[in-house]
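As structure tokens, the structure follows; a few thoughts come after it.
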Amino acid sequence: ETYARNVADSPGAATQFVEADPASVVEGVLADDFFNKAYDKTLLPMINHVVEVEGPVLDAVLARRIARAHGWQRTGARIQERVVTLAASAHLSTTEEVGTFFWPSRLEPGAAVGFRRATEDNTRSVDEVCLPELVALAQEVLSSGLMADAAVLAMARELGLQRLRAASRSRFEAAMTQAQVD
């Protein structure tokens, strides 16, 4: 299955991030029916597919995938609320300062997960990566002998960041602190 390539069985194992195609698991995507309760039977399999393939996945990313599958370029508050409500009914989650991460059924929320490297087509921002996954990256970088600022810059490069913002730096530093404790 697709998700087997996505999340490593053991922390620190190098795997690749795979972006899900929610429309691939349903017969028809009907944007006009999106807010109808009867459409839950179409939306839920789409949401489940994204969470199982990409999870742990940030609520905003999940909503964006579902919105794009319906042909919408923007993900408004109503769309996000609808997607998150359905996701919460089917998946366990963890909350971080950047948002809520929905976890696939095969993983315990907050469990150690391997860092998933993005391809050129599937880059992720640091806010889209849950803390346990950032901790795995930090452990990898620290085990190579890099420390402090050099380690933070190496983590940023692994995510493909061109510029390191203060918010990103603080998430990387939090992951490094936790990596040194674990």
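The values are calculated or read from the model by the stated rules, or taken from the named source; none is laboratory data. Since the structure is predicted, the reported quantities are computational estimates derived from the model, not experimental observations. Cβ placement follows ideal geometry from the backbone for every residue including glycine, while neighbour counts extend to all protein chains displayed. Remember, those area values only see protein heavy atoms, side chains included, never the ligands or the DNA or RNA. Shrake-Rupley method; radii C 1.70, N 1.55, O 1.52, S 1.80 Å.
Within region 30-50, residues that are touching a residue at least 24 places away in the same chain (Cβ under 8 Å) reach partners that are of a type outside the set (Gly, Ala, Ser) and loosely packed, with under 14 Cβ neighbours inside 10 Å with beta carbons closer than 8 Å, at six or more positions or on different chains, in the pairs Phe35/Arg78.
Residue by residue, here is whether (1) more than 22 Å from Asp21 (Cβ to Cβ); (2) touching a strand residue (DSSP E or B) at 6+ places or on another chain (Cβ under 7 Å); (3) touching a residue at least 24 places away in the same chain (Cβ under 8 Å); (4) of a type in the set (S, T, N, Q) holds:
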site: Asp149; (1), (2), (3), (4): yes, no, no, no
site: Arg157; (1), (2), (3), (4): yes, no, no, no
site: Gln162; (1), (2), (3), (4): yes, no, no, yes
site: Phe172; (1), (2), (3), (4): yes, no, yes, no
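Report yes if some residue within region 120-139 is basic (Lys, Arg) and at pLDDT below 90; otherwise report no. For region 120-139, residues basic (Lys, Arg) and at pLDDT below 90: present.
Here are the criteria: (1) free of Cβ contacts under 8 Å to residues at least 12 places away in the same chain; (2) buried (at least 19 other Cβ atoms within 10 Å of the Cβ); (3) of a type outside the set (A, V, I, L, M). Tell me which single one Glu54 does not satisfy. Unmet for Glu54, out of (1) free of Cβ contacts under 8 Å to residues at least 12 places away in the same chain; (2) buried (at least 19 other Cβ atoms within 10 Å of the Cβ); (3) of a type outside the set (A, V, I, L, M): (1). When region 101-129 is filtered for residues that are open to solvent by less than 30 Å² (accessible area, probe 1.4 Å) and in contact with a Ser or Thr (Cβ under 7 Å, 6 or more places away or on another chain), the ones remaining, listed by number, are Phe101, Phe102, Trp103, Gly114, Arg116, Val126.
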